[in-house]
Structure formats: structure tokens, C-alpha cells
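Below: the structure, in C-alpha cells.
The values are calculated or read from the model by the stated rules, or taken from the named source; none is laboratory data. Please read all numbers here as calculations on a predicted model, not as lab measurements. Cβ atoms come from the backbone with ideal geometry, glycine included; neighbour counts cover every protein chain shown. When the accessible area is computed, the model is the full protein with side chains, heavy atoms only, and any ligands, DNA or RNA have been set aside. Shrake-Rupley method; radii C 1.70, N 1.55, O 1.52, S 1.80 Å.
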Amino acid sequence: MLNYLLFIATMGGLYGLLALSLNLIWGGAGMVNLGLAGFFAVGAYASALITTAGHAPILAGWTLALIAGGLAGVIVTLSTTRLREDYLAIVTLGFAEVVRLVAANEIWLTRGTDGISGIPGPGKAALGQDFNAVYLAIVLAVLAGVFLLVRRIDRSPYGRVLRAIREDAQVAQVAGKPVLRFKVEAFALSAAIAGLAGALYAHFTSYIAPDLFLPLITIYIFLAVAGGGTGRPAGALVGAYLLMLLLESARFVVELIPSVSAVQRAALKELLIAVALILVLRLAPGGLLPERIAPAPRLSTQGKP
């Protein structure tokens, strides 16, 4: 039971990282990234390959995942500079599918649908049964660091520029802000966080395969951010853990329903999650922790703040 709770808490932390990643660009800059699962997979495969085939230290794998995710984000963003913003969502969705298909078909590199097993965990052999607790502490430490970074960005002048771009990119451009540079930087940082989350996932489960990076992950994270509160890092975190709670509780509830096949149970589980999130958004349209925007400073009668 304890290991199960540790597993759920660790997965909630990984979902929290993905939610912070999405919130940075969707809630911050208004860019829709439907390829979150793809960046998650890029980080997982980059770290898994360098630590299994390359026998590199795990820390090197996590660093490579950050770099690989960030580079993928830069390439995807720059490839859409001549397209309307709506097409970014389509391109990112296609990117995620391309990553998954490459992982499934390039058997010489990724072992195809068999996946990569034996991915080392930090001190797993020595820790034994304590590995899950130690790994949860690692994930929570990384989650806290990313949360503080994203919150610092959100409250800084840099974050205010991102929100200005979200509200009206053309006005921000007229105001002298390099919109493209801000978008590329934000997207790269977001993709790097997603890549790091993928690397942490790979070294936690010791096994990855293309089927573990389906678009459903992206949908789950969008629901988490929407339910928790778009545009607020704390809301993204709350939404991620709320989503994990819903996923696991729904799994137990459907098991209690008699005369239902496994496929029907899976469908009922998704239905229950959808109903719960609809209720959350109905009762709290801005999410459980809606975005807070500080009021503009008042000007004195002499025209000075």
C-alpha cells in the first residue's frame, strides 16, 4: 500500500512538471502546445539511450533531456513563424505523433515497440524497497525548483511581456517587444521542462515504449491546467494532483460496477473524469486557483505614479 501511494505521489509530481510546462506557454504566452507528449517522449528517450547504450551517468541523461527538449521546442517554434498562431497547435500535435512513430519504427535505435528496459534508477540496487521514497523526494525537489522558477518568471517583467503577447501580440510588437524572441524562449523553456519530466519518468519506471506517450497525456495535462487555474503556477500544480486523484479514484469506482468488460471500464473511467472536471469548471470557471493580475498603478493628478 505504501509503495502504491509513493507511486501515485511520484506520478503526480511528474504530471505537475508537465502542467507547469504547459502553463508557462498556454497560460503565460497564449501558445497552444498539443505536442506535450512528444517533448515528454524526447526527454525520456534521450536520457534512456545515453544511460543504457552510452553508459553515461544518470545526471548526464537528465541534462541531455533538458537540452534535447529545449532544442526540439526551438525547432518547432521557428518552423511555425510564417504560419498563423492556430497552426502551432496542429504542428505540435503532428510533432508528437512523428516522435512516437519514429520511436516505434527505428528499431536499431529505440528497440521499436519492444521499448527500452533496464533504464537505471539512481541508487536503485542499493536502496531496494526505499527507492520509491527516495525517488519521490528527488521528483518533489525538482518540482519545487521548477515551480519557483516559473513563479519568478510569472511575477517578473518578462512574465508581463508574455501576458501582453497572450492578450495581443500585435500590440506588444508595436510597443517594441521582440515577440518572436519571447515566444521561442518561452516555448524552449517549456519543452525543456517537459523533456526533464520524461527523463524522470524513464528512470523511475525503468522502461519506456512508444505506446506510453500517446496524445492522451497531453489531454490530461490540459484538463489539469484548466481545472487548477490557467495562468497561475500554483493552479497548475493543484490541477495535476487533482487529476491524479481523479484517475485513481475513478479506477477503483469502475471496478465496483458488475457485468462490465475491461473496455467498458476504461470508457467509464474516462467518463467519470470528464464529468468531474466539467463540474469543477462549471462551479469555478477560472479553475480552482484562477489567475490573479495585479491592478495597474494609479497616476497622480500631476501625472506621476
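Which angle between 0 and 90 degrees, to the nearest 10, do you get for helix 131-155 versus the longest principal axis of the chain when only C-alpha atoms count?
10
Within region 155-212, what whole-number % of the accessible surface is contributed by carbon and sulfur, with the 1.4 Å probe and all protein chains included in the calculation? Write down the numbers at each step before the final one.
Working: 1430 of 2450 Å².
Of the solvent-accessible surface of region 155-212, carbon and sulfur hold 58 percent.
Could you tell me what percent of the accessible area of region 8-77 is made up of carbon and sulfur, with a 1.4 Å probe and every protein chain present? The partial results should precede the final answer.
Numbers: 1520 of 1840 Å².
Carbon and sulfur: 83 percent of the exposed surface of region 8-77.
Which of Leu245, Val184, Val280 sits closest to the plus end of the dipole of region 153-302, meaning its Cα is farthest towards the positive end, when Lys and Arg get +1 and Asp and Glu get -1 on the C-beta?
Final value for the positive-end residue is Val184.
Take the alpha carbon atoms of region 9-86, find their center, do the same for region 119-159, and report the distance between the two centers in whole angstrom.
Centre-to-centre (Cα) distance: 15 Å.
Note the listed values [x] 107, 70, 28; [y] 69, 47, 36; [z] 101, 71, 35, then indicate which one is Cα extents along the principal axes in Å calculated from this particular structure.
Label of the calculated value: [y].
Starting from the amide H of Ala56, placed 1.01 Å from N in the peptide plane, find each other amide H under 5 Å away whose residue is 5 or more places distant or on another chain.
The list, which skips near neighbours in sequence, is Thr51.
For region 3-158, just say rounded, prolate or oblate: build the C-alpha gyration tensor, square-root its eigenvalues into a ≥ b ≥ c, call rounded for a/c under 1.5, and beyond that prolate if a/b exceeds b/c, oblate if not.
Working: a/c = 2.15, a/b = 1.26, b/c = 1.71.
Verdict is oblate for region 3-158.
Probe of 1.4 angstrom, ligands and nucleic acids ignored: what's the accessible area per residue over the chain, in square angstrom?
On the way: 15270 Å² over 305 residues.
Roughly 50 Å² per residue, with all protein chains present.
How far apart, in nanometres, would the label points at Asn3 and Ser117 be if each is projected 7 angstrom from Cα along the Cα-to-Cβ direction?
1.7
Under a 5 Å amide H to amide H cut-off, with H placed in plane at 1.01 Å, what residues pair with Met31 once short-range neighbours are removed?
Trp26
In terms of modelled amide H atoms, which long-range or inter-chain residues lie less than 5 Å from the amide H of Gly229?
Here the answer is Leu288, Leu289, since their amide H atoms fall under 5 Å of that of Gly229.
Which whole-Hz couplings ³J(HN,Hα) result when phi for each residue of region 102-115 is put into the Karplus expression 6.51 cos²θ - 1.76 cosθ + 1.60, θ = phi - 60°, listed in order with x for Gly and Pro?
Taking θ as phi minus 60°, the curve returns 4, 4, 7, 10, 7, 4, 4, 9, 10, 6, x, 6, 5, x Hz for region 102-115.
With each pseudo-label sitting 7 Å past Cα toward Cβ, what's the Ala133-Ile75 distance in nm, one decimal?
In this crude spin-label approximation the distance works out to 4.2 nm.
Per DSSP helix of 4 or more residues, -39500 (n - 2.57); summed, then divided by the residues of the chain. What does that give at 222 nm, rounded to the nearest 500?
On the way: 13 runs with 214 residues, N = 305.
Helix contribution divided over all residues of the chain: -23500 deg cm²/dmol.
Angle between the Cα long axis of helix 2-22 and the longest principal axis of the chain, 0 to 90 degrees, nearest 10?
It is inclined by approximately 30 degrees.
Just need the relative contact order of the chain here, percent rounded to a whole number, with Cα pairs under 8 Å and 6+ apart. Before the final figure, lay out each step's value.
Values: 473 pairs, mean separation 95.9, N = 305.
It comes to 31 percent, rounded to a whole number.
Take every Cα pair under 8 Å in region 82-182 that's 6+ residues apart, average their separations, divide by the length, and report that relative contact order as a whole percent.
9
Quick one: Karplus J couplings for region 27-40, per residue in order, coefficients 6.51, -1.76, 1.60, θ = phi - 60°, nearest Hz, x for Gly and Pro?
Whole-Hz 3J(HN,Hα) from phi for region 27-40: x, x, 9, x, 9, 8, 10, 8, x, 4, 4, x, 5, 4.
Pick out, from Leu2, Val134, Pro210, the residue whose Cα sits farthest towards the positive end of the charge dipole of the chain, with +1 on the Cβ of Lys and Arg and -1 on the Cβ of Asp and Glu.
Going by the charge dipole, the pick is Val134.
Using θ = phi - 60° and the Karplus form 6.51 cos²θ - 1.76 cosθ + 1.60, what ³J(HN,Hα) does each residue of region 243-252 get, whole Hz, x for Gly and Pro?
In residue order, the calculated couplings are 4, 4, 4, 5, 4, 6, 5, 5, 4, 6 Hz.
Taking square-rooted eigenvalues a ≥ b ≥ c of the alpha carbon gyration tensor, is region 1-87 rounded, prolate or oblate, where a/c under 1.5 means rounded and, failing that, a/b exceeding b/c means prolate? Write down the numbers at each step before the final one.
Values: a/c = 3.12, a/b = 1.36, b/c = 2.29.
Oblate, since a/c reaches 1.5 and b/c is not below a/b.
Within the chain, what is the longest stretch that has no trypsin sites (Lys or Arg not before Pro) placed in a DSSP loop and near at most 13 other beta-carbon atoms within 10 Å? All intermediate terms of the calculation are to be shown ahead of the outcome.
Values: sites that count: Arg82, Arg84, Arg292, Arg298.
Result for the longest clean stretch: 85-291.
Determine the dipole magnitude for the chain: charges of +1 sit on the beta-carbon of Lys and Arg, -1 on that of Asp and Glu, nothing else is charged, the reference point is the Cα centre, and the result goes in debye to the nearest 20.
Values: 22 positive and 15 negative charges, 218 e Å.
The dipole of the chain has a size of about 1040 debye.
Please state the shape class of region 133-184: rounded when a/c is under 1.5, otherwise prolate if a/b exceeds b/c and oblate if not, all from the C-alpha gyration tensor. Let's see the in-between values first.
Numbers: a/c = 4.54, a/b = 3.52, b/c = 1.29.
Since a/c reaches 1.5 and a/b is larger than b/c, the shape of region 133-184 is classed as prolate.
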